[in-house]
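The values are calculated or read from the model by the stated rules, or taken from the named source; none is laboratory data. Not measured: the values here are computed from a predicted model. Neighbour counts run over all protein chains shown; Cβ positions are idealised from the backbone, glycine included.
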Amino acid sequence: MSSINNLNFASVKKNYDRDGFVILRNLLDVQALSELRDRALSAADELLDNNNDDSAYKNIIKSLDKRDPWFNHQLERGTHVSLMKYLLNGEIEGASAAWFDRPDGSSHGISPHVDVIGSYREPDAGATIWFALDQAQIENGCLYYLRGSHKNKYPINTFISGIDTQSKDAVAAELKPGDAVIHSALTIHWSCGNESGHPRRAISYFYWKTGIQDKM
Ligand SMILES: O=C(O)CCC(=O)C(=O)O
């Protein structure tokens, strides 16, 4: 079970609107976490076997929802969807379910960027929920957010250069398995390498606000 229905949505939204992200502790109980982890690991085993990519993206698998009906169901009707709608002030569309691994021995992570959906630069363009399957810490490449950056104007690119990753507003989203973090598609985020000896695996679900593409 997910404890999403025990959350005070208004208070979650207050933090999300202020910072551009919000951490949700213990969102999945032991059973829900174990189901998500089992599904994710079997999809990753199957798909990464055939992956010859040697780039920084070789440990990412997008569109799990198109390959596995279970992920499609989670993207469209998972227990988190009501909260995503609430945060985005209306109807949403699932864009992708994705596997994000940062295996031990990865020398680097992903540079500061907004999500592709954030390139639309509308306040409620979209949002992403990232579920930790392992403990995610600074040592093994947890996500970082530039607090408040969803309110800034940046060039219309996905990757944003010149970000001060040591700024006082750079916040490490250290999570335990079953915790999640939701970020606006406009919030600048990045992650680092993993030389910790521990895994750092996650599943993300990406959402568009319905109609946002028609506005551009
Ligand atoms: O897992 C990562 O390191 C990056 C994840 C990310 O950029 C996202 O979920 O939008």
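Test each condition in (1) away from the ligand (no atom under 11 Å from the Cβ); (2) over 20 Å from residue 176 (Cα atoms) for residue 134 and report the one that comes out false.
Among (1) away from the ligand (no atom under 11 Å from the Cβ); (2) over 20 Å from residue 176 (Cα atoms), the lone unmet condition for residue 134 is (2).
Residues being under 30 Å from residue 77 (Cβ atoms) and part of a strand (DSSP E or B): count how many of those fall in region 126-159.
Total satisfying the criteria: 10.
Check residue 142 against each of (1) within 11 Å of the ligand (Cβ to nearest atom); (2) under 21 Å from residue 206 (Cα atoms); (3) touching a residue at least 60 places away in the same chain (Cβ under 8 Å) and name the one condition it does not meet.
Single failed check for residue 142: (3).
Cβ-Cβ under 7 Å, sequence separation 6+ or interchain: first residue in region 85-98 and aromatic (Phe, Trp, Tyr), partner surrounded by fewer than 21 Cβ atoms within 10 Å (Cβ to Cβ) and not in a strand (DSSP E or B). Which pairs?
Taking only residues 6 or more apart or on different chains, the pairs are 86/9; 86/13.
Within region 133-152, is there a residue that is of a type in the set (Lys, Arg) and either surrounded by 15 or more Cβ atoms within 10 Å (Cβ to Cβ) or under 14 Å from the mean Cα position of the chain (by Cα) (or both)? Please lay out each step first, then the result.
First, pick out the residues of region 133-152 that are of a type in the set (Lys, Arg): 147, 151.
With the extra rule that they be either surrounded by 15 or more Cβ atoms within 10 Å (Cβ to Cβ) or under 14 Å from the mean Cα position of the chain (by Cα) (or both), the set shrinks to 147.
Looking for residues that are of a type in the set (Lys, Arg) and either surrounded by 15 or more Cβ atoms within 10 Å (Cβ to Cβ) or under 14 Å from the mean Cα position of the chain (by Cα) (or both), one finds at least one in region 133-152, hence yes.
Take the residues of region 172-196 that are surrounded by fewer than 19 Cβ atoms within 10 Å (Cβ to Cβ) and over 16 Å from residue 100 (Cα atoms): which is nearest to the chain's Cα centre (by Cα)?
172
Give the residue, chosen from 107, 111, that is touching a residue at least 24 places away in the same chain (Cβ under 8 Å), more than 9 Å from the ligand (Cβ to nearest atom), in contact with a Gly (Cβ under 6 Å, 6 or more places away or on another chain) and among the hydroxyl-bearing types (Ser, Thr, Tyr).
It is 107.
Working carefully through the options 93, 122, find the one that is over 23 Å from residue 201 (Cβ atoms), part of a strand (DSSP E or B) and either over 12 Å from the mean Cα position of the chain (by Cα) or at pLDDT below 95 (or both).
93
Residue check, residue 149 against (1) touching a helix residue (DSSP H, G or I) at 6+ places or on another chain (Cβ under 6 Å); (2) small (Gly, Ala, Ser); (3) away from the ligand (no atom under 13 Å from the Cβ), all met but one. Which one?
Evaluating residue 149 over (1) touching a helix residue (DSSP H, G or I) at 6+ places or on another chain (Cβ under 6 Å); (2) small (Gly, Ala, Ser); (3) away from the ligand (no atom under 13 Å from the Cβ) leaves (1) as the failure.
Select from region 200-216 the residues that are touching a Leu at 6+ places or on another chain (Cβ under 8 Å) and within 15 Å of the ligand (Cβ to nearest atom) and write down the one among them that is nearest to residue 108 (Cα to Cα).
Restricting to residues being touching a Leu at 6+ places or on another chain (Cβ under 8 Å) and within 15 Å of the ligand (Cβ to nearest atom), the top hit is 201.
Looking at region 159-171, which of the residues that are within 19 Å of the chain's Cα centre (by Cα) and β-branched (Val, Ile, Thr) is farthest from residue 125 (Cα to Cα)?
Applying the filter and picking the extreme gives 165.
Checking the condition closer than 24 Å to residue 159 by Cβ and either modelled with pLDDT of 95 or more or not aliphatic (A, V, I, L, M) (or both), which residue from 3, 42, 55 passes?
On the way: 3 fails: closer than 24 Å to residue 159 by Cβ; 42 fails: closer than 24 Å to residue 159 by Cβ.
Going through 3, 42, 55 in turn, just one is closer than 24 Å to residue 159 by Cβ and either modelled with pLDDT of 95 or more or not aliphatic (A, V, I, L, M) (or both): 55.
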